[in-house]
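Novice: First, the structure itself, so that you have it in front of you.
The values are calculated or read from the model by the stated rules, or taken from the named source; none is laboratory data. Fair warning: this is a prediction, and the values are worked out from it, not measured in the lab. Positions of Cβ are backbone-derived with ideal geometry, glycine not excepted, and every protein chain shown enters the neighbour counts. For accessibility, only protein heavy atoms count, side chains too; no ligands or nucleic acids. Shrake-Rupley method; radii C 1.70, N 1.55, O 1.52, S 1.80 Å.
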Amino acid sequence: EKKEGVFIIESSCIIAYQEHLKSEAQFLADILSNYTGKPMDIMEGNQGDIRLSTARVRIGKKLEKWNSEAYTMTVDRAGVDLVGAGVAAVFYAVQSLIQLLDREKKETNPELVVPYIFVRDKPQFAYRGMHLDVSRNFHGVRTIKKMMDMISFYKMNKFHFHLTDDEGWRIEIPDLPELTEIGGRRGHSYTGSECLYPSYGSGSDPNHATSPGNGFYSRQEFIELLRYAHQRHIEVIPAIDFPGHARAAVYAMEVRHHRYRDLGEIEKANEYLLTDWDDASEYESVQMWRRNVVNIGLPSTYRFIEKIIDELLAMYAEADVKLSSIHVGGDEVPPGVWIKSPACLRLMQKHPELQDVHDLAEYFMRRVNSILESKDMLTAGWEEIALTHKNGKAEPNSALLKHHLVPYTWNTLWGAGGEEIPYRLANLGFKVILSNAPNLYFDFTYDKDPEEAGYYWGGYTDTKDTFKFLPMDFFKSAEKDALGNLIDPSTRYKKAERLTQKGRKNILGIQGQLWGETIHTAERIEYLLFPRMCALAERAWSKEPDWASINDLKLRALAYQTDWNEFANRLGQIELPRLDKIFEGIRYRIPLAGAKLEDGLLLANTPLPGLTIRYTIDGTEPMETSPVFEQPVQVNSHLVKLKIFSANGRRCSRTTIVKNN
């Protein structure tokens, strides 16, 4: 509820806080000081101009539970009151206050203007996540901290940190230095056992300091990141992939084995070995790797996994942060694995119920889960951890419900047959995180354009595709398959299993994925994240839009378009200019201009109102000084080039080229 009047925040303002909110008060003071140009004071108590407190918060007709993330914000002539139902809720109230500020720096008498307003707010989902893969291409501490800043600014609270895969191991385990000596470097070597082979353009030198194939987080750096995230109310969920996607670990432990064997220490050599040397199985992963799966028949495999878990627990404990779950992957185990391994054959003889690869994978996951359960943690993984295979088809496995596994559902390509899996799992009783590839994979290209880099195996994901995603009825989000063919959801998914009332309660939240194969720089991360992450945050926090409940296709399309128009205007006129100013600037993607020539008349538009279109007619590239397109204009040229520029004029889109035939 916006009201008449404004409150001026000056450097002399005092931030008052309850004892348990000192960190949140200091966070706000640091942000405000950057804009007033002078340090701001914080003081315990309630005698201040900006007051932070926790209390029971009423949203609608009910009081929110103490540990929820609901908050209220009141701005009036008495100052600012930020009241949360818990500490995290106060932090989100702080972020909302920051988003309301007139953030322009003034040379004289610096001040920040906040409108008089009353806000009641709470998130739709408890889990609001963003994933980043640093195994394929490594990114340093500074980049991760900036990403955490961006995540927390949009009130997202989970960071899925993908630390290991076939192409890299990115976290130091001091007792197992080979993991980072081998798995943390890529390049050519004389013996082939000094590092991993190059991939994804990682280059030939395993010691090159800036190669994206090289690098890892030291133990202290990881602890530093945990503390940084915790201050921003972000839970870091470490991802250590098993049994597949484990080539870096497999190779590293083979090197360790050979080193100790050469010293005559056979017991030490076999302590954490992940390879059955007599295994004659032949297989190849989806990514075309071989020898990338741990052998689940070896006791040493489980010693290794428990060792990694214990080391992670120790790091979290030193950071004074609770580790509640580990994401173990569990996906894309290739056919043919284990079937010619003597160790696995002995395991199958001991357990006659194990008949095939799928049974072995399920056995492995149960054992890993028992390790995590014994340490008071949940097992998270991709949807495969909750599935069984019958007659060549993946089905939810009710026998695994008692293990409290948390599946992240991803393999939901429109028209491919796996779209129902998320809702079937939730209806059965699994707690589900929606990570659906068609709408939430941000390593996909924005558009079907050869100049737009990125993956496209699951389709193309523009900001509109993420905005259109309806977590509680995502079949309404279906428009086209991965090849761009149109889908009519009213007929294609007429008989698809929908969420039951029980199932709705089991959707914990949603998560965006940023896989790292094509990401060599921090700038590339930001380009792929924004503005798509703004749409993700909208869906994760805000209640379901009104058009979600409209079944008529035409009426829903009209209501959606109205909602999208409002969102697009907010992005172009408010949010993107804001991103130019915060976190040292965010290098977001600027969409291409739409344009055509009709009898010499240039027509053009921008998908995001508020951005500036500039054009040239002499064949040169548009620059920040080129003419601005504001209305249809007659041009005497057969070739027009256009670019869309950011509000500050410093960045632009790729070029749109229009020829007059």
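Novice: How many residues, within the stretch 142-152, are closer than 19 Å to Asp30 by Cβ and open to solvent by 10 Å² or more (accessible area, probe 1.4 Å)?
Specialist: 4
Novice: Right, next: Considering only the stretch 278-288, how many residues are open to solvent by 50 Å² or more (accessible area, probe 1.4 Å) and closer than 20 Å to Glu517 by Cβ?
Specialist: So the answer is 4.
Novice: Pairs under 7 Å by beta carbon, first residue more than 18 Å from Leu179 (Cβ to Cβ) and of a type in the set (Val, Ile, Thr) in the stretch 302-327, partner at pLDDT 95 or above and crowded, with 17+ Cβ neighbours inside 10 Å, six or more apart or different chains?
Specialist: Going by the 7 Å Cβ cut-off, the qualifying pairs are Val321/Leu226; Val321/His230.
Novice: Taking the conditions exactly as written (closer than 30 Å to Tyr154 by Cβ and surrounded by fewer than 13 Cβ atoms within 10 Å (Cβ to Cβ)), does Ala557 satisfy them or not?
Specialist: Yes: the conditions hold for Ala557.
Novice: So in the stretch 138-184, with the set limited to residues that are polar (S, T, N, Q) and touching a Gly at 6+ places or on another chain (Cβ under 8 Å), which one is farthest from Ala537 (Cα to Cα)? Break it down into steps so the answer makes sense when it comes.
Specialist: Start the filter on the stretch 138-184 by keeping residues that are polar (S, T, N, Q), which leaves 143, 152, 157, 164, 180.
Filter once more, keeping what is touching a Gly at 6+ places or on another chain (Cβ under 8 Å): 157, 164.
Details: Asn157: 10, Thr164: 26 Å.
Restricting to residues being polar (S, T, N, Q) and touching a Gly at 6+ places or on another chain (Cβ under 8 Å), the top hit is Thr164.
Novice: Suppose we filter the stretch 18-47 for residues that are at pLDDT 90 or above, of a type outside the set (Asp, Glu) and open to solvent by less than 20 Å² (accessible area, probe 1.4 Å); how many remain?
Specialist: 6
Novice: For Arg654, indicate whether it is under 30 Å from the mean Cα position of the chain (by Cα), among the charged types (D, E, K, R) and part of a loop (DSSP other than H, G, I, E, B).
Specialist: yes
Novice: Any idea which of (1) within 27 Å of Leu528 (Cβ to Cβ); (2) open to solvent by 20 Å² or more (accessible area, probe 1.4 Å); (3) in contact with an Asp or Glu (Cβ under 9 Å, 6 or more places away or on another chain); (4) part of a helix (DSSP H, G or I) is the one Asn569 doesn't satisfy?
Specialist: (3)
Novice: Any idea which of Pro632, Pro622, Pro607 is under 30 Å from Glu566 (Cβ atoms) and exposed (fewer than 15 other Cβ atoms within 10 Å of the Cβ)? Before the answer, list the steps.
Specialist: Numbers: Pro622 fails: exposed (fewer than 15 other Cβ atoms within 10 Å of the Cβ); Pro607 fails: exposed (fewer than 15 other Cβ atoms within 10 Å of the Cβ).
After ruling out the rest, the residue left standing is Pro632.
Novice: Please verify whether Tyr272 is of a type in the set (Phe, Trp, Tyr) and out of contact with any Gly (no Cβ under 9 Å at 6 or more places or on another chain), treating the condition exactly as stated.
Specialist: yes
Novice: Here is a further query. When the residues of the stretch 156-190 are narrowed to those that are open to solvent by 10 Å² or more (accessible area, probe 1.4 Å) and touching a Ser or Thr at 6+ places or on another chain (Cβ under 8 Å), which ends up modelled with the lowest pLDDT?
Specialist: His188
Novice: Just checking, does the stretch 524-546 include any residue being open to solvent by less than 30 Å² (accessible area, probe 1.4 Å), aromatic (Phe, Trp, Tyr) and not in a helix (DSSP H, G or I)?
Specialist: Among the residues of the stretch 524-546, at least one is open to solvent by less than 30 Å² (accessible area, probe 1.4 Å), aromatic (Phe, Trp, Tyr) and not in a helix (DSSP H, G or I), which makes the answer yes.
Matching residues to (1) of a type in the set (Gly, Ala, Ser); (2) surrounded by fewer than 22 Cβ atoms within 10 Å (Cβ to Cβ); (3) modelled with pLDDT under 95; (4) under 28 Å from Pro335 (Cβ atoms):
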{"residue": "Tyr217", "(1), (2), (3), (4)": "no, no, no, no"}
{"residue": "Ile237", "(1), (2), (3), (4)": "no, no, no, no"}
{"residue": "Arg261", "(1), (2), (3), (4)": "no, yes, no, no"}
{"residue": "Gly264", "(1), (2), (3), (4)": "yes, yes, no, no"}
{"residue": "Thr275", "(1), (2), (3), (4)": "no, yes, no, yes"}
{"residue": "Asn295", "(1), (2), (3), (4)": "no, no, no, yes"}
{"residue": "Thr301", "(1), (2), (3), (4)": "no, no, no, yes"}
{"residue": "Lys307", "(1), (2), (3), (4)": "no, yes, no, no"}
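Novice: Take the residues of the stretch 203-215 that are more than 16 Å from Val134 (Cα to Cα) and touching a Gly at 6+ places or on another chain (Cβ under 6 Å): which is modelled with the lowest pLDDT?
Specialist: Once the filter is applied, the top-ranked residue is Ser204.
Novice: Right, something else. Please verify whether the stretch 319-341 includes one or more residues that are assigned to a helix (DSSP H, G or I) and open to solvent by 60 Å² or more (accessible area, probe 1.4 Å).
Specialist: Checked against the condition, which is being assigned to a helix (DSSP H, G or I) and open to solvent by 60 Å² or more (accessible area, probe 1.4 Å), the stretch 319-341 yields no hits at all.
Novice: Still on this model: Is there a residue being open to solvent by less than 10 Å² (accessible area, probe 1.4 Å), modelled with pLDDT of 95 or more, of a type in the set (Lys, Arg) and more than 30 Å from Arg539 (Cβ to Cβ) anywhere in the stretch 247-257?
Specialist: Yes, that holds for at least one residue.
Novice: Go through the stretch 215-235 and report how many residues are farther than 23 Å from Ala93 by Cβ and either within 16 Å of the chain's Cα centre (by Cα) or not acidic (Asp, Glu) (or both).
Specialist: Adding up the residues that qualify gives 10.
Novice: Kindly list the number of the only condition in (1) open to solvent by less than 50 Å² (accessible area, probe 1.4 Å); (2) outside any strand (DSSP E or B) that fails for Leu642.
Specialist: It fails just one condition, (2).
Novice: Does Gly458 satisfy being in contact with a strand residue (DSSP E or B) (Cβ under 9 Å, 6 or more places away or on another chain) and either among the charged types (D, E, K, R) or at pLDDT 95 or above (or both)?
Specialist: no
Novice: Restricting to the stretch 25-63, and then to whatever is farther than 18 Å from Val75 by Cα and of a type in the set (Asp, Glu), can you tell me which residue is nearest to the chain's Cα centre (by Cα)?
Specialist: The selected residue is Asp30.
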